[in-house]
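Rule-based calculations on the coordinates, nothing more; no lab input. Quantities reported herein were computed from a predicted structural model and do not represent experimental measurements. Cβ atoms come from the backbone with ideal geometry, glycine included; neighbour counts cover every protein chain shown.
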Amino acid sequence: MRQKTKNSGKGGLKLILQFFGAAQTVTGSMHLVEANGHRVLLDCGMVQGKRQEARKLNSEFPFDVKSIDAVVLSHAHLDHSGKLPMLVKNGFDNSIFSTSATRDLCSAMLRDSASLQEMDTKYVNKINAENGLPFIKPLFTVHDVTTTLRLFQTVEYRRPLEILPGIRLTFRNAGHILGSATIALEIAEGRDEKLVTMLGFTGDLGRKGAAVVRDPETFARADVLITESTYGGRSHGPMNEAKEKLAGIVSETAHKGGLLIIPAFAVGRTQDVVYHLHELMESKQIPSMPVFVDSPLASNVTEIFRHHPECYDEETEQLLLQDGGKDPFGFDMLKYTRSTEESKALNNLRRPAIIISASGMCEGGRVLHHLRRNIGDPKTTVLFVGYQAENTLGRKLLQGDKIARIYGEEYEVRAGMEVIDGYSAHADEGELLDFIAAIPNKPARVFVVHGEPDAIKAVAAGLMRSGISNVAAPARGERFQI
Ligand SMILES: [Zn+2]
Ligand SMILES: [Zn+2]
């Protein structure tokens, strides 16, 4: 595993990995690396899924928060960054390393998460009061987010930085969302610079050829690799197929005079879908109809995109930067709704229309209000464009549940459900295995995370076939000495 072996007399480098989240599941990404007497946390994500269980996992940490020397963040999605304010609230005050786009997105997304929690809490407490149930509190507030943002230190792609003595960090583009990075930690053994172990963490890995962000870049080397496996055992099909399918579903909505609800994270899928709707309407492949991006976040995100040309591909760069050029995330029929009043006004919307709203897995946010009001109408179609984790409302709807529980109340489901995997911000199994095969050396050990058990098994089997024999699928809390 090391570049060269030398008997240091101390038994060599002691590297310990412990997996606290996204272990045998998709959400709550959080892994602890111990090396050279330092403790580095990779990601600090929120768990989504069964409400009670998620709340418990999200409100505590399975380690001494004050013992963490640094956090390295792969990207801004809440299942990777959402517990940072909790970490800080519990006493962490060292640095959080991320790309600058991730920092800017976290600023918008964590504040949004705090205000959503405050709003959801009010709503739930109103219902709890009626039912004589105890009140709940938000996990963190906007104030906690402000304190967290002060700890960020930004590091650009391909600019190695020694974050702690003997630990050097390099970010590379992960092609997943704006600012997303793979993490390489170069861990030196003692003082000898030549004895290093390269630890690679894919974070969430994107697809080649996605509409907006750049393609993933491979690692220069990885002796130990932690890889995601979201779409293990599955294949997405080409991007243009996704666009064709979108055209079909939108045309059908127009035909029915119905409402198309697309639950999507404000960052990532929303921009890809908007980009394609724009192209399809302009080329008259779909009838013109109003499109609402109902998220106080999404309009800020377009602004953040403009400030980070290092993150998007050449096609998008040209659209965004040319003088008087088109805004790929804005067009005549598109409206971003920011205020709650504007959002509520969508209740009386003339059909056909399209509403894109978060959260992507229907676990909170404005999309729940749109679903609550429209899910009983057979003219409504709900289109899923992102991964739906186990036990989330999104997953249940996709599985065909006829009753939806929203804020503790039951609604009959009569809306149609559709899914397009091609918009996935995650590599499918083939793309993931190709990415790993392109690493110049063969990793000696691989840990498969961020997937449900079947997906993990499929990726592990693929890795074994490619000749990597030491593959583990860690359980939550499991500890490995390398
Ligand atoms: Zn992600
Ligand atoms: Zn993720």
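With both residues required to sit in the chain, DSSP beta bridges show an antiparallel share near 50%. Run through the DSSP bridge list for the stretch 239-423 and note the antiparallel percent, rounded to the nearest 5. Of all bridge pairs located within the stretch 239-423, approximately 15 percent are antiparallel.
Calculate the length of the line joining the C-alpha centroid of the stretch 374-431 to that of the stretch 182-253, in whole Å. What the calculation gives is 24 Å, centre to centre.
When only the Cβ of Lys, Arg, Asp and Glu is charged (+1, +1, -1, -1), the dipole of the stretch 239-423 relative to its Cα centre reaches about 980 debye.
Each peptide in 60-66, 145-151, 225-231 was scored by the mean count of other Cβ atoms within 10 Å over its residues; highest first, the order is 225-231, 145-151, 60-66. Magnitude of the charge dipole for the stretch 146-295, about its Cα centre and with charges confined to Cβ atoms of Lys, Arg (+1) and Asp, Glu (-1), is about 100 debye.
Residue 256 sits among other residues whose Cβ lies under 15 Å from its own Cβ, and their net charge, with Lys and Arg +1 and Asp and Glu -1, is +1.
Residue pairs exceeding 19 angstrom between C-alpha atoms, taken from 56/83; 83/137; 83/344; 245/402; 122/344: 83/344; 245/402. Taking every Cα-Cα distance in the stretch 370-422 and sorting them into 5 Å bins starting at zero, the pair-distance distribution P(r) comes out as 5, 21, 33, 27, 13, 3, 0 percent.
Taking the centroid of alpha carbons for each part, the stretch 119-145 and the stretch 73-96 are 22 Å apart.
Under the shape rule built on the C-alpha gyration tensor, where the axes satisfy a ≥ b ≥ c, the stretch 166-242 is prolate, since a/c reaches at least 1.5 and a/b is greater than b/c. Each Lys or Arg adds one and each Asp or Glu subtracts one; over the other residues with Cβ under 14 Å from the Cβ of residue 156, this totals +2. Here the scattering of the stretch 239-423 is modelled by Debye summation over its C-alpha atoms, one equal scatterer each and no solvent; at q = 0.08, 0.11 Å⁻¹ the log10 of I(q)/I(0) is -0.24, -0.46. Projecting the Cα positions of 86, 461, 439 onto the charge dipole of the chain (unit charges on Cβ atoms of Lys, Arg, Asp and Glu, taken about the Cα centre) puts 86 furthest along the positive direction. Using all pairs of distinct alpha-carbon atoms, the Kirkwood hydrodynamic radius of the chain works out to 23.0 angstrom.
Dipole orientation for the stretch 239-423: of the candidates 304, 267, 411, 411 has the Cα lying most toward the positive pole (charges on Cβ; Lys, Arg +1; Asp, Glu -1).
Suppose every Lys and Arg Cβ carries +1 and every Asp and Glu Cβ carries -1, with no other charges. What dipole size does the stretch 1-142 come out with about its Cα centre, to the nearest 20 debye?
Its charge dipole is roughly 500 debye.
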